[in-house]
RNA sequence: GGACACUUAGCUCAGUUGGUUAGAGCACCUCGUUUACACCGAGGGGGUCAAAGGUUCGAAUCCUUUAGUGUCCACCA
């Protein structure tokens with residue numbers, strides 16, 4: 001009986017997690033300024049949490065993000081970095097506003113915005129956003145995140161709003177932000193513009209009409225959108241198209257559905273002569289493509305569709321005020337009766353729809369604010385080590401250089417290409433939105449008696465410059481403020497605060513889902529390179545999307561959502577976190593099921609029981625500061641320590657390369673196989689390993705901590721180890737020597753035992769094993785001292801078989817020359833087959849060596865081949881020669 | 001239409017510059033409750049690495065072609 005006798009057989013996560021989290025939070029270790037001294041002196045390491053939208057609760061995608069980021073932060077903290085993880089939330093402008101609107105409508109309010117007015121409505125949104133934040137923060141804590149709550153940020157808080165205004169002014173002064181009358185994506189449902197990224201393409205059925213404007217017009221055109229044709233200014237054909245060549249340059253005045261149009265026939269390379277009639281009716285106001293053509297040919301723009309998706313007065317008489325669908329039908333009838341409708345064809349068409357709400361998106365010309373990505377401006381800072389202050393560049397160039405130069409490293413690499421492709425096709429970014437929730441555009445106009453806004457006088461200001469000024473009613477795209485997230489969170493542009501936090505920027509890594517590479521990652525690069533002249537982060541790690549067992553997206557309508565809040569009480573946070581990290585690779589979607597999480601719950605419990613076993617062994621001994629006790633160890637202990645050092649080295653290496661899954665798998669194998677199945681089992685026979693076991697536990701807990709913070713911290717405390725696991729020093733590993741005799745010997749031993757177990761299991765015999773120890777002069781290691789009785793003991797007990805010793809003459813007086821165990825007593829290895837294989841491989845390798853050596857001596861070859869190639873060849877040659885040596889040694893061993 | 005991936009055990013996936021007999025988890029089969037753990041232990045079966053060709057002493061890995069799957073981007077009026 002000792003102080004650990006009462007520990008339960010199964011680990012109960014739910015009873016300890018909250019308490020542990022509270023202790024961490026209270027101790028202040030989440031805050032870099034309160035970390036132990038070694039961290040204070042360490043290099044800064046900062047992650048800014050991608051701020052979850054304040055639209056409700058977190059889902060598995062967020063949980064993945066949190067699990068990975070916390071892993072990184074904990075790993076770096078234990079390694080002695082001055083770690084800062086900044087939590088925060090995003091106001092998410094349109095998403096949140098729409099959500100609240102829907103909630104209010106559900107409660108019976110018909111048109112909430114109209115009913116409440118801007119101020120009251122916004123109050124409702126703010127209230128909802130606040131509640132969301134509380135829920136989200138609670139969930140982030142549940143996930144065990146070691147983020148610095150004293151630095152919590154919000155995209156819409158005072159400091160961040162100030163940063164937004166500051167940025168807007170900078171960009172405006174540089175001519176990067178500009179007000180312009182251009183075609184934008186318009187969502188008629190929510191009455192706002194949308195960025196290109198907020199528009200989705202949906203395949204829908206459509207009628208393709210082929211017709212002429214009137215009976216006298218010579219060229220037929222096709223369209224699925226006849227209602228826009230009132231705004232046509234030209235018919236474009238390919239300049240080489242012989243059918244229409246002669247018309248180019250002429251102007252016609254057809255009467256289309258009662259409206260007289262002015263149609264110029266123009267030649268443009270963009271027209272595909274093979275599609276439809278080979279002629280395109282150009283509608284500059286309602287198609288981005290057409291607008292490009294119109295610009296090339298100096299055509300006017302006349303809008304014929306209004307913000308409500310109904311026709312404007314410009315269309316004339318019969319059609320004014322009709323909705324798009326009504327107009328479409330009526331025009332078709334009209335064309336038919338006029339005898340100019342040549343054909344009607346049902347086709348599948350790609351229709352742009354709003355990502356939120358799903359309404360068909362109209363392309364309308366409007367006066368809006370834009371960030372111009374191709375516009376040249378004078379740099380305010382030396383930038384990216386390539387440009388000097390004052391040089392003229394465009395935002396696009398900055399965005400490309402940041403990644404191309406290697407200043408930013410994207411994991412996985414293939415997203416580089418996707419990123420470049422996107423940047424190269426980037427258009428100007430429309431940043432004004434006609435919604436209420438968000439950063440109001442900080443532009444003020446001098447009001448006139450007339451209500452229409454006159455822009456003669458305009459100024460940028462955070463607050464009202466005077467009574468006669470009115471503010472632009474629009475708000476900014478939510479990504480404008482999130483684009484600044486890597487540095488606005490650090491206090492920019494507030495001088496004092498920014499200077500204090502300057503060395504946390506660039507952030508060490510941005511960890512997020514690949515689905516927002518464009519939305520967010522690209523825009524952060526834009527903002528940071530523009531405003532600071534440096535990248536926002538050095539690495540980008542993109543995780544995959546969480547899908548259900550069958551690979552489907554999780555959605556409410558499918559009812560296949562796994563909610564972290566349900567799973568955590570059931571399986572424990574550590575198990576949930578492991579399930580999101582193990583078996584996943586960057587950029588690859590994750591299939592998640594409860595069964596998988598259950599598996600990791602089982603592993604958590606395994607770790608618990610390993611610990612419990614060790615603690616029961618040590619009893620009441622003081623283990624505040626365990627050490628490896630290396631001097632009193634036996635062969636088995638030395639094997640284990642070596643194995644452990646190797647695992648530490650490998651896991652550390654993998655973690656620093658973002659190979660989380662591989663690192664965790666290696667750790668699990670080590671924990672389960674090497675420690676639990678072998679070392680612990682042997683320790684039941686070879687007594688006196690208590691201190692080694694404690695050391696093993698001490699190391700193991702530290703290694704697992706970044707993955708499973710709760711259970712490790714809990715056991716750490718139970719054991720009475722010094723300090724907290726969260727700030728413990730990350731263990732130090734080392735490479736395994738190329739050939740390590742004790743290690744090899746133990747592997748052989750494992751193999752022997754496995755084989756004996758198989759014999760017993762398959763043939764039901766209890767073999768009396770005769771083991772011969774063959775002495776091998778091992779050139780590579782001469783330091784092995786093998787205690788034979790020890791081996792016999794392990795063999796005998798671990799496999800419950802009788803062992804008959806058989807030593808060569810002189811044993812064991814020859815210890816110290818290097819010994820490997822050779823087994824032939826059971827003929828478990830098919831020696832003949834093995835020999836054959838070795839012979840074959842030797843032949844191959846020897847042939848290669850001869851060939852390569854010849855080549856390397858051939859002067860003609862050497863004169864032609866670049867140095868790089870010969871160096872690589874020499875390296876390979878050396879490898880092959882080493883391998884040959886090893887094979888020869890093995891052959892000798894087999895006799 | 002363009003781009004990027006993927007295709008490895010019944011399922012989900014690893015496999016990092018080409019190199020012992022291609023791995024893991026789950027599932028399956030057999031056996032086992034001696035005080036760490038049945039959320040367990042021991043053992044086992046199962047893959048011509050999508051197909052074909054090429055480079056190489058050697059290919060799941062590099063190249064070419066084909067087939068299938070997925071994702072992103074663009075969009076035809």
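The values are calculated or read from the model by the stated rules, or taken from the named source; none is laboratory data. Just so you know, these numbers come straight off a predicted model, no measurement behind them. Don't worry about glycine lacking a Cβ; one is built from the backbone with ideal geometry, like all the others, and counts go over all protein chains shown.
The conditions are (1) farther than 28 Å from residue A:587 by Cβ; (2) within 11 Å of RNA strand B (Cβ to nearest atom), and residue A:701 fails exactly one of them. Which is it?
For residue A:701, the exception is condition (2).
Give the stretch A:377-431 a look and list any residue that's part of a strand (DSSP E or B) and either within 23 Å of the chain's Cα centre (by Cα) or away from RNA strand B (no atom under 15 Å from the Cβ) (or both), or say none. Before you say what the answer is, go through the steps one by one.
Taking the stretch A:377-431 as the starting set, the residues that turn out to be part of a strand (DSSP E or B) are A:377-378, A:383, A:387, A:392-393, A:409-411, A:429-430.
Correct list: A:377, A:378, A:383, A:387, A:392, A:393, A:409, A:410, A:411.
From the residues in the stretch A:201-222 that are surrounded by 22 or more Cβ atoms within 10 Å (Cβ to Cβ) and touching a strand residue (DSSP E or B) at 6+ places or on another chain (Cβ under 7 Å), which one is nearest to residue A:348 (Cα to Cα)?
Residues of the stretch A:201-222 surrounded by 22 or more Cβ atoms within 10 Å (Cβ to Cβ): A:209, A:211-213, A:221.
Narrowing further to those that are touching a strand residue (DSSP E or B) at 6+ places or on another chain (Cβ under 7 Å): A:209, A:211, A:213, A:221.
Values: A:209: 13, A:211: 19, A:213: 24, A:221: 18 Å.
My answer is A:209.
Can you find a residue that is in contact with a strand residue (DSSP E or B) (Cβ under 7 Å, 6 or more places away or on another chain) and part of a helix (DSSP H, G or I) anywhere in the stretch A:84-93?
Scanning the stretch A:84-93, I find at least one residue that is in contact with a strand residue (DSSP E or B) (Cβ under 7 Å, 6 or more places away or on another chain) and part of a helix (DSSP H, G or I), so the answer is yes.
If you take the residues in the stretch A:329-352 that are within 16 Å of RNA strand B (Cβ to nearest atom) and closer than 16 Å to residue A:213 by Cβ, which one is surrounded by the most Cβ atoms within 10 Å (Cβ to Cβ)?
A:331
Given A:747, A:739, which one is within 42 Å of the chain's Cα centre (by Cα), at pLDDT 70 or above and over 30 Å from residue A:81 (Cα atoms)? Step through it out loud before you land on a result.
Numbers: A:739 fails: at pLDDT 70 or above.
The conditions single out A:747.
Taking the conditions exactly as written (surrounded by fewer than 20 Cβ atoms within 10 Å (Cβ to Cβ), out of contact with any helix residue (DSSP H, G or I) (no Cβ under 6 Å at 6 or more places or on another chain) and closer than 29 Å to residue A:510 by Cβ), does residue A:114 satisfy them or not? Give the steps one after another, and end with the answer.
Values: surrounded by fewer than 20 Cβ atoms within 10 Å (Cβ to Cβ): yes; out of contact with any helix residue (DSSP H, G or I) (no Cβ under 6 Å at 6 or more places or on another chain): yes; closer than 29 Å to residue A:510 by Cβ: no.
Here the answer is no, as residue A:114 does not meet what is asked.
Has the stretch A:514-536 got at least one residue that is outside any helix (DSSP H, G or I), modelled with pLDDT under 95 and more than 26 Å from residue A:45 (Cβ to Cβ)?
no
How many residues are free of Cβ contacts under 8 Å to residues at least 40 places away in the same chain, outside any helix (DSSP H, G or I) and under 20 Å from residue A:75 (Cβ atoms) if we restrict to the stretch A:1-40?
Here the count works out to 1.
Only one of these is in contact (Cβ under 8 Å) with a residue 60 or more places away in the chain and assigned to a loop (DSSP other than H, G, I, E, B): A:275, A:190. Name it. So that I can check it myself, show each step before the final result.
Details: A:275 fails: in contact (Cβ under 8 Å) with a residue 60 or more places away in the chain.
After ruling out the rest, the residue left standing is A:190.
Within the stretch A:669-683, which residues are in contact with a helix residue (DSSP H, G or I) (Cβ under 8 Å, 6 or more places away or on another chain), near RNA strand B (Cβ under 7 Å from one of its atoms) and either within 30 Å of residue A:68 (Cβ to Cβ) or free of Cβ contacts under 8 Å to residues at least 60 places away in the same chain (or both)? Please lay out each step first, then the result.
Of the stretch A:669-683, the ones in contact with a helix residue (DSSP H, G or I) (Cβ under 8 Å, 6 or more places away or on another chain) are A:670-672, A:674-676, A:678-683.
Restricting the remaining residues to those that are near RNA strand B (Cβ under 7 Å from one of its atoms) gives A:672, A:676, A:680-681.
Scanning the stretch A:669-683 gives A:672, A:676.
Go through the stretch A:226-260 and give me each residue that's closer than 30 Å to residue A:321 by Cα and surrounded by fewer than 22 Cβ atoms within 10 Å (Cβ to Cβ). Explain how you work it out, then say what you get.
Of the residues in the stretch A:226-260, the ones closer than 30 Å to residue A:321 by Cα are A:226-236, A:251-260.
Within the stretch A:226-260, A:251, A:252, A:253, A:254, A:255, A:258, A:259, A:260 qualify.
Of all the residues that make up the stretch A:595-643, how many are outside any helix (DSSP H, G or I) and either modelled with pLDDT of 95 or more or within 16 Å of RNA strand B (Cβ to nearest atom) (or both)?
Residues of the stretch A:595-643 outside any helix (DSSP H, G or I): A:619-629, A:633-634.
Restricting the remaining residues to those that are either modelled with pLDDT of 95 or more or within 16 Å of RNA strand B (Cβ to nearest atom) (or both) gives A:619.
Result for the stretch A:595-643: 1.
Collect the residues in the stretch A:537-594 that are near RNA strand B (Cβ under 9 Å from one of its atoms), on the phi > 0 side of the Ramachandran plot and free of Cβ contacts under 8 Å to residues at least 60 places away in the same chain, keeping them in residue-number order.
The one that is near RNA strand B (Cβ under 9 Å from one of its atoms), on the phi > 0 side of the Ramachandran plot and free of Cβ contacts under 8 Å to residues at least 60 places away in the same chain: A:551.
Which one of the conditions (1) within 38 Å of the chain's Cα centre (by Cα); (2) farther than 19 Å from residue A:309 by Cα; (3) modelled with pLDDT under 90 does residue A:243 fail to meet, given that it meets all the rest?
(1)
For residue A:722, which of the numbered conditions (1) more than 28 Å from the chain's Cα centre (by Cα); (2) away from RNA strand B (no atom under 15 Å from the Cβ); (3) assigned to a helix (DSSP H, G or I) fails to hold?
That leaves (3) as the condition not met.
Considering each residue of the stretch A:319-351, count those that are outside any loop (DSSP other than H, G, I, E, B) and farther than 28 Å from residue A:192 by Cα, and give that number. I'd like the intermediate steps shown before the answer.
Taking the stretch A:319-351 and keeping what is outside any loop (DSSP other than H, G, I, E, B), we get A:319, A:323-338, A:341-351.
Pick out the ones that are also farther than 28 Å from residue A:192 by Cα and you get A:332-338, A:341-347.
Number satisfying all stated conditions: 14.
Filter the stretch A:281-297 for residues that are within 12 Å of RNA strand B (Cβ to nearest atom) and out of contact with any helix residue (DSSP H, G or I) (no Cβ under 8 Å at 6 or more places or on another chain); which is nearest to residue A:185 (Cα to Cα)? Outline the logic, then answer.
First pass over the stretch A:281-297, keeping only residues within 12 Å of RNA strand B (Cβ to nearest atom): A:281-284, A:286-293.
Those left that are additionally out of contact with any helix residue (DSSP H, G or I) (no Cβ under 8 Å at 6 or more places or on another chain): A:288-293.
Details: A:288: 9, A:289: 13, A:290: 14, A:291: 13, A:292: 15, A:293: 18 Å.
For the stretch A:281-297, the residue satisfying everything is A:288.
Please verify whether the stretch A:306-325 includes one or more residues that are crowded, with 17+ Cβ neighbours inside 10 Å, in contact (Cβ under 8 Å) with a residue 60 or more places away in the chain and within 13 Å of RNA strand B (Cβ to nearest atom).
No, the conditions are met nowhere in the stretch A:306-325.
Restricting attention to the stretch A:278-305, which residues are assigned to a helix (DSSP H, G or I), in contact with a strand residue (DSSP E or B) (Cβ under 8 Å, 6 or more places away or on another chain) and either without any contact (Cβ under 8 Å) to a residue 40 or more places away in the chain or within 19 Å of residue A:193 (Cβ to Cβ) (or both)?
First, the residues of the stretch A:278-305 that are assigned to a helix (DSSP H, G or I): A:288-297.
Then drop every residue that is not in contact with a strand residue (DSSP E or B) (Cβ under 8 Å, 6 or more places away or on another chain), which leaves A:288, A:290-291, A:293-294, A:297.
Result: A:288, A:290, A:291.
Would you check which residues across the stretch A:474-498 are in a loop (DSSP other than H, G, I, E, B) and under 22 Å from residue A:186 (Cβ atoms) and list them? Walk me through how you get there before you give the answer.
First, the residues of the stretch A:474-498 that are in a loop (DSSP other than H, G, I, E, B): A:474, A:477, A:483-484, A:489-494.
Residues satisfying the conditions are A:474, A:477.
In the stretch A:647-665, what count of residues is obtained for those that are more than 9 Å from RNA strand B (Cβ to nearest atom), assigned to a helix (DSSP H, G or I) and crowded, with 17+ Cβ neighbours inside 10 Å?
8
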